[in-house]
Amino acid sequence: MLVKQSKNSFIRCTEHYGYITNQLTRYDRTYDETGAIFLRQITRDAKEVDEIIEDLLKIFSDVDFNTLKNDYIEFLKSLAKDCFILMGDSEDELNQKDIDFTYAIDNPKTLKTGDEFYQHTDEKVTENTQDFFLEEVQGRPLISNLQFELSSRCNERCIHCYIPNGKKNHGFDMPLKKVKSIIDEYVGMGGISVTLSGGEAFLHKDIMEIVEYCRENDLKVTILSNLISLNDEHIQRLKKSNISLIQVSLYSMDEDVHDYITTITGSWRKTKNAIEKLVAADIPIQISCPLMKKNKEGYDKVLEYARSLKIKAQTDYIMMARSDLDTENLANRLSLDETETVIRDIVRHDVNYKNEILTQVPPIEEMTFDLERFKNQPVCGVGYDNCCITANGDVYPCAGWQDYVLGNVYKQSLKQIWEESPRVKELRKITQASFPECLECEARNYCAMCLVRNYNESEGDMFKVNKHFCDVAFLTKRIVEEEYGSEYERRERLLQIKKSSVK
């Protein structure tokens, strides 16, 4: 029997854990040290299972061949069930099973929602991967996600953007040679995912060579773009590269509204045409529709348009202040009353959101809040597993936090910055306990408290929790419970549905 990694799966192992993710299904898993040893044997080249067992016997010398083989085959079958790996008797059989992304199926990955940390397995793996990594990286931070702003140039001037226009007016690109050297270093540090952005990523003349270099180095690639500079050659090369996702902002199905927000006449038509070309080429794409005063009505048409193309669209009604601490762009942010109207509409009518609310209820044993555990968790992954590099070489905790420089890759290596930057070390001291007023907040499960949003909107104070975010969290909690009941009520309803289906 032969086994190999699928073309859409990515594996990373340390001495402490193993991790596998699939960009086609959006499923991922983490394993303990023993699971990591098993996982490490799987590569992109097909291997005979018996040969793998012979290698494993050197590690598990107290286990006989047949017992170890039976255990390992069960491990492989579980992974194959969710398309992480391929099993078969020949190379041809493996290749036939290694499927490509397509919109031809009823529910392509671009329609999936809320399952990025899904665990579909009967065997014992570690817990929810998001919770696992937030705790695992404490004490031994391992960078796994890198956002690379390849160009500071942008061909739009969106009224809500967190990047000041001054940075775009005098923009430049990072040279290809430097980009490649950073990617090499990142790969050596165990990185797995790269997000290419800007500015506008497709303004970088070497964008496709960068994409292809990332894929040659077995990195999962996401691109953030407005798509108005996308051309046919880009599309052909993107298709061959098997990227994970392209995310684009589409603000309205009304051309004038979209162009008002971007301030570029004709941008809507170019973006929409590019979206449809990418769909026709079977390249995975996702629409982001940030909401503000100008497009708060009619955003549902964007969602309908996305569904008609079998792609996912998501909204964001919070908005971030500019990274230079100027809050002028927040004049476009929805008021609390306007936000309530939008949230109520989403809760009632957005099919994806409704399904997530009604089905993603934790087991009863997990509904007792573990305060002590929560206190010790990081607030988010900044400084723990991800960072952002801009075209001038500055390294930030995340894309929006550009007033908080951790270092510069023209002066230090990425590894030095990641391991030695005083500011990174300070970030790693921050836990949920750093926000005592939030620890037992009733709206905690409806809140995504964000250090950079605090920082940008509070003149550089990341510990000053923004009242608007709190108000929106309590508002969301109230609306969800009015429409669907508390978590306990939703769980009881879900149990009754499951019992009825069994009968």
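The values are calculated or read from the model by the stated rules, or taken from the named source; none is laboratory data. All of these numbers come straight from a predicted model, not from anything done at the bench. Neighbour counts run over all protein chains shown; Cβ positions are idealised from the backbone, glycine included. Quick note on the areas: whole protein, heavy atoms, side chains included, nothing else; ligands and nucleic acids left out. Shrake-Rupley method; radii C 1.70, N 1.55, O 1.52, S 1.80 Å.
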| note | In whole percent, the fraction of accessible protein surface over the chain that belongs to carbon or sulfur atoms, probe radius 1.4 Å, stands at 48 percent
| field | Proximal charge balance of ASN295 [Cβ under 14 Å; K/R count +1, D/E count -1] | value | -4
| query | Nearest-5 percent of antiparallel DSSP beta bridges in the chain? | reply | 45 percent
| With all protein chains modelled, accessible area of ARG269 [1.4 Å, Å²] | 120 Å²
| request: Mind checking the full-extension length gain between GLU304 and GLU209? Use 0.36 nm per residue of separation minus the Cα-Cα distance, one decimal, nm. | output: 30.7 nm
| Listed residue pairs exceeding 27 Å between alpha carbons, taken from LYS294/LYS467; LYS240/LYS270; LYS177/LYS310; LYS58/LYS220 | LYS177/LYS310; LYS58/LYS220
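Please label the shape of segment 322-444 as rounded, prolate or oblate, based on the square roots a ≥ b ≥ c of the eigenvalues of the alpha-carbon gyration tensor (a/c under 1.5 means rounded; beyond that, a/b larger than b/c means prolate, else oblate).
Oblate, since a/c reaches 1.5 and b/c is not below a/b.
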| request: Any chance you could look up the accessible area of PHE60 with a 1.4 Å probe, heavy atoms only, rounded to 10 Å²? | output: 40 Å²
| Part-to-part distance (alpha-carbon centres) for segment 142-170 and segment 457-480, which is given in Å | 25 Å
| request: Figure the gain on full extension for ASP92 and ILE105 (residue separation times 0.36 nm, minus the Cα-Cα span) and round it to one decimal in nm. | output: 2.4 nm
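In nm, what is the difference between 0.36 nm times the number of residues separating GLU328 and VAL257 and their Cα-Cα distance?
Gain in length upon complete extension: 23.6 nm.
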| remark: Over the Cα atoms of the chain the radius of gyration and the largest Cα-Cα distance (Dmax), both in Å, equal 23.3, 71
| remark: Taking only protein heavy atoms and a 1.4 Å probe, the highest-to-lowest accessible-area order of CYS83, CYS388 is CYS83, CYS388
